[in-house]
């Protein structure tokens, strides 16, 4: 159906209007309105930049109204967006049977009628269809981060590697491995410039993508996100007089690792609280904690600009307030969109530490590494320790033989990887493959990786220089263009980009990756990505809320959403639960497994740090539940008493997600309107002789 949506957006204009015809919902029998497709070119004339008139959204006054009033403010525009979403999507309609849902074409027609600006994001659909075609059969909503490469890039590179003589022992980029090394964080930052050519190139590309200045920050690669948090805690000069204050509305494995390290060093650990039911930050309580300790010994303030689970966004001002009160700020950017750091706020605030996670290809394998960025003026707050030498600092090295990359690394989440606990005294490095299983052989010392990179760079340069010397017409024929960096190969089926700076001819730092995953986000830009995510996410929220159980005296909703609902600036992540016709919650793990059988990948989370005012105190015991520990023994009673929250299902959308992904999730969740759906699934898999897994 992706092709249908793509063709639909490109259809020629014609006068259709909105013909109304009723159709029956099913058991409910309510009359509804079925709208004919609203074609993008049916819309009134566009502005000079090709965008659609905002008037279609009710955000500005109609043309025939004299402009004697002030322009619509941003606040009113956002309010109108929320009102338009609520009033225009399935108005006065409730779905009580999964068979009564409108088919995908009709659902898309009503969607594009409410959000015509979504049509301006069709460039993302073109990228998805050509570079991430594996997503056509699988809905990937179970992790977030920054994707380095595209699916097409990885596979074209794999195919071409067999004809490249250099791949007899190594694969060319974008394939590479990560190698663990024994080093403290402080020494790693202070030494600096010790990276091999490959690592230096990819770090440079990442920092450019994140809009982080190389002269102000140093980047250290770690095995995963959890490792980065723990490494920072072990290296930070925590003392009994310093604290750790975090802002998370869910249990984060990475934050738990940091908390345990800080407590062991004597730090006072505190958390922000979130007010029920909207789960907004309890501002007064957080401000009190920011100002509680002496200014000279405040410690670390860990702040995500967005919740990875609920999609709640938090203002930059909290980082400013923390800095003014003497805290050093850690920005957790792992849950942010690919271009969310392209804002003025980051350059003004300049956090002391930034943590990001990177994975190979979106929708295929989230194994990868994390980046810990340290502001150079904050290095003095770090200290050397024996523990942090064994936590998981890694180097990026060339990938090995093709046979070692046939199977993907089995990891499912960046937080799921475990760090090495020891290292050999002679500093022999073991490697875990970024693009495949753990190699069985050590990296050959006789093969110098920098020499390999130089040889590859030289070979590629010779290929490029010859056509370049033939003149302008030849450059066009061979798909080359001259930039301020030198010569850049732009043909879409190449998997490696080599830029040779004329000022540093032959130097290692002239090598750069073609990270097509990052390039695609760069080409779309912040505004287009945010528009796309805003439309899809808000449609999904309102559609899920329209599902209600039939013949229910109390009118039980099928779905409950936690955190922000319809909101202009909410993040593209949803925390929700599914309830049966009796109002009892269906276990999130069960919903996750059933979704996986439908080729929909979801994740589970645990909301915590929830604060109930006196108004909602009566609901507290009904809503909160105890965390199910994987470990048999709880470390202490205080932790057990405080570990109350809500197990939820999480769906995280990316800029490569499309309307069909949201529709497929909606239609899957709607199946739970059938009271026998779960039991039918059990019997169906037994009939097919499938292995039953106890839930």
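In the range 565-584, how many are in contact with a strand residue (DSSP E or B) (Cβ under 6 Å, 6 or more places away or on another chain) and free of Cβ contacts under 8 Å to residues at least 40 places away in the same chain?
Adding up the residues that qualify gives 1.
Grab the helices (runs of 4 or more DSSP H) fully contained in the range 214-321, keeping just those with 1 or more residues being within 19 Å of residue 372 (Cβ to Cβ), assigned by TED's automatic domain parsing to the domain that holds residue 379 and in contact (Cβ under 8 Å) with a residue 40 or more places away in the chain.
Here the list reads 225-235, 253-264.
Conditions first: (1) assigned by TED's automatic domain parsing to the domain that holds residue 681; (2) surrounded by fewer than 15 Cβ atoms within 10 Å (Cβ to Cβ). Residue 618 passes all but one, so which condition is the exception?
For residue 618, the exception is condition (1).
Name the residues in the range 159-171 that are at pLDDT 65 or above and in contact with a helix residue (DSSP H, G or I) (Cβ under 7 Å, 6 or more places away or on another chain), would you?
Matches in the range 159-171: 170, 171.
Of the numbered conditions (1) more than 26 Å from residue 237 (Cβ to Cβ); (2) buried (at least 22 other Cβ atoms within 10 Å of the Cβ), residue 353 satisfies every one except a single condition; which is it?
Of everything listed in (1) more than 26 Å from residue 237 (Cβ to Cβ); (2) buried (at least 22 other Cβ atoms within 10 Å of the Cβ), residue 353 misses just condition (1).
Name the residue that is farthest from residue 231 (Cα to Cα), counting only residues in the range 172-203 that are at pLDDT below 70 and assigned to a strand (DSSP E or B).
Once the filter is applied, the top-ranked residue is 172.
Condition check: under 21 Å from the mean Cα position of the chain (by Cα) and closer than 19 Å to residue 388 by Cα. Does residue 330 satisfy that?
yes
For (1) out of contact with any helix residue (DSSP H, G or I) (no Cβ under 8 Å at 6 or more places or on another chain); (2) assigned to a helix (DSSP H, G or I); (3) modelled with pLDDT under 95; (4) within 30 Å of residue 86 (Cα to Cα), each residue gets a yes or a no:
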| residue | (1), (2), (3), (4) |
| --- | --- |
| 509 | no, yes, yes, no |
| 514 | no, no, yes, no |
| 526 | yes, yes, yes, yes |
| 541 | yes, yes, no, yes |
| 550 | no, no, yes, yes |
| 553 | yes, no, yes, yes |
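The values are calculated or read from the model by the stated rules, or taken from the named source; none is laboratory data. Being a predicted model, the structure only gives us computed values, none of them experimental. Positions of Cβ are generated from backbone atoms using ideal geometry, with glycine treated the same way; all protein chains shown enter the neighbour counts.
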